Amino acid sequence: MIPMPKFELSSPGTLAEVVAATARANGGVSILAGGTDLIVHVKHGLRKPEHLVWLGKVTELRTFSFSPELGLRIGAMCTLDEIATSPALRQYYPEIAEAARSVASPAIRNRATVGGNLCQDTRCFYYNQSESWRSALGGCIKGELPSAANNSICHATPGLAKCAAAFCSDLAPLLIALGASVNLLNQNGARTIGLAELYRDDGANHLALKSGEVITEVLIPATQPNQFTAFRKLRDRRAIDFALVNVGLNVALDSDLICRNVKIVIGAVQSVPVEVQTVGAILKDQRLTTELIHRAAEEAASVVTPVPNVGATVGYRKRMARVLVERALLEVRSRSSKAM
């Protein structure tokens, strides 16, 4: 058994108390939701918070509302199991339910939350190890160790002075493709940003959150009659494992299979979900033929730049990015043909 280090724990019951607790901590605070990511990191010495603020008692963060006209609002503390089994989601946003259902195992989905999945840490073979393993390696940019020789090195990309740890959230690529936004709150007030703006391309510091800021709600626009979405995921095993590559796709197709408003986002290959805008440009206002799908998938594979840090080769992950994009596009074409 790996022991837990000492820290101060707050259990606020309202959002106002959450704001007060994070402000009072004055740095050194970590937000604890379901704990399926953070607690593992704390036990392995990857995170050493002085103060944990647990959100489990804040009922305001467990709200869930849906309107066919206004769209979907999901509280940050809704669990992935609640999302995966929601009748409204399975009817109007089945791919979101599918993405949630693809995460880990039933036991983990019962604890893991939407906000936690969107804010999970980046992953790397050289980082997600025990403290003794990392000490033998000599540290890295993301996993700095006291007096370690390699604290300025990314072992996955030794020639770069930036951490290349991969962001493996399964919800983020699809929600970004759907145009989702998030409500944020701290002691300075509330703000709303597009979900894509939450992330920055820096594996060691990938969340663009301000001091003490927490996600309170995820907002997803209403779907349109001609809108089709798809989610695809590659992993070593069908349960437990994090994604090696995942794809979220959102496209509007008219009755002649002409593409409108195409958005394809690929995750788990870089430190941020990658919107492959060149693929959108290839597809926009074009008929979704098999030849065009092949071309778009090849372009997607050429754009993403995975690094060897999550247990599969770069070449394999690039090829599978092409395969997943192709399968997603073929799926939406098939579904649109049946719907029209």
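The values are calculated or read from the model by the stated rules, or taken from the named source; none is laboratory data. Keep in mind that what you see is a predicted model, and the values were worked out from it rather than measured. Positions of Cβ are backbone-derived with ideal geometry, glycine not excepted, and every protein chain shown enters the neighbour counts.
So here's what we get for this one:
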quantity	calculated
Top-ranked residue of the range 241-267 - restricted to ones that are within 16 Å of the chain's Cα centre (by Cα) and β-branched (Val, Ile, Thr), ranked as farthest from Ala107 (Cα to Cα)	Ile264
Candidate set: the range 77-91, residues that are more than 18 Å from Arg232 (Cα to Cα) and in contact with a Ser or Thr (Cβ under 8 Å, 6 or more places away or on another chain); chosen: the one surrounded by the most Cβ atoms within 10 Å (Cβ to Cβ)	Met77
Where Lys142 falls short, out of the listed (1) surrounded by 13 or more Cβ atoms within 10 Å (Cβ to Cβ); (2) more than 20 Å from Lys48 (Cα to Cα)	(2)
From the options Leu185, Leu175, residue that is part of a strand (DSSP E or B) and either in contact with a Ser or Thr (Cβ under 7 Å, 6 or more places away or on another chain) or of a type outside the set (Lys, Arg) (or both)	Leu185
Flag for Ala208 being in contact with a Pro (Cβ under 9 Å, 6 or more places away or on another chain), surrounded by fewer than 22 Cβ atoms within 10 Å (Cβ to Cβ) and either modelled with pLDDT of 95 or more or of a type outside the set (S, T, N, Q) (or both)	no
Ile96, sole failed condition from (1) in contact with a strand residue (DSSP E or B) (Cβ under 9 Å, 6 or more places away or on another chain); (2) on the phi < 0 side of the Ramachandran plot; (3) free of Cβ contacts under 8 Å to residues at least 60 places away in the same chain	(3)
Residue match in the range 242-260 (condition: outside any loop (DSSP other than H, G, I, E, B), modelled with pLDDT under 95, of a type outside the set (Ser, Thr, Tyr) and touching a Leu at 6+ places or on another chain (Cβ under 9 Å))	yes
Selection within the range 305-332 - crowded, with 19+ Cβ neighbours inside 10 Å and over 18 Å from Phe242 (Cα atoms)	Arg322, Val325, Glu326, Ala328, Leu329, Val332
Matching residues in the range 184-198 - criterion: being free of Cβ contacts under 8 Å to residues at least 40 places away in the same chain and of a type in the set (A, V, I, L, M, F, W, C)	Leu184, Ala190, Ile193
Verdict on Ala33 being in contact with a strand residue (DSSP E or B) (Cβ under 7 Å, 6 or more places away or on another chain), among the aliphatic types (A, V, I, L, M) and farther than 19 Å from Ala112 by Cα	no
When residues of the range 161-183 are limited to those that are without any contact (Cβ under 8 Å) to a residue 60 or more places away in the chain and over 19 Å from Ala268 (Cα atoms), the one surrounded by the fewest Cβ atoms within 10 Å (Cβ to Cβ)	Ala161
Any pair with Cβ under 6 angstrom, 6 or more apart, that starts in the range 127-148 at a residue that is in contact (Cβ under 8 Å) with a residue 40 or more places away in the chain and ends at one that is basic (Lys, Arg) and crowded, with 16+ Cβ neighbours inside 10 Å	Tyr127/Lys142; Gly143/Arg134
Search result, residues across the range 10-52 that are of a type in the set (A, V, I, L, M), at pLDDT 95 or above and part of a strand (DSSP E or B)	Ile31, Leu32, Leu52
Check on Asp201, surrounded by 23 or more Cβ atoms within 10 Å (Cβ to Cβ), in contact (Cβ under 8 Å) with a residue 12 or more places away in the chain and charged (D, E, K, R)	no
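For (1) of a type in the set (Lys, Arg); (2) modelled with pLDDT of 95 or more; (3) under 30 Å from Asn250 (Cβ atoms), each residue gets a yes or a no:
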| residue | (1), (2), (3) |
| --- | --- |
| Pro106 | no, yes, yes |
| Asn110 | no, yes, yes |
| Gly115 | no, yes, yes |
| Arg123 | yes, yes, yes |
| Ser132 | no, no, no |
| Ser135 | no, no, no |
| Ser152 | no, no, no |
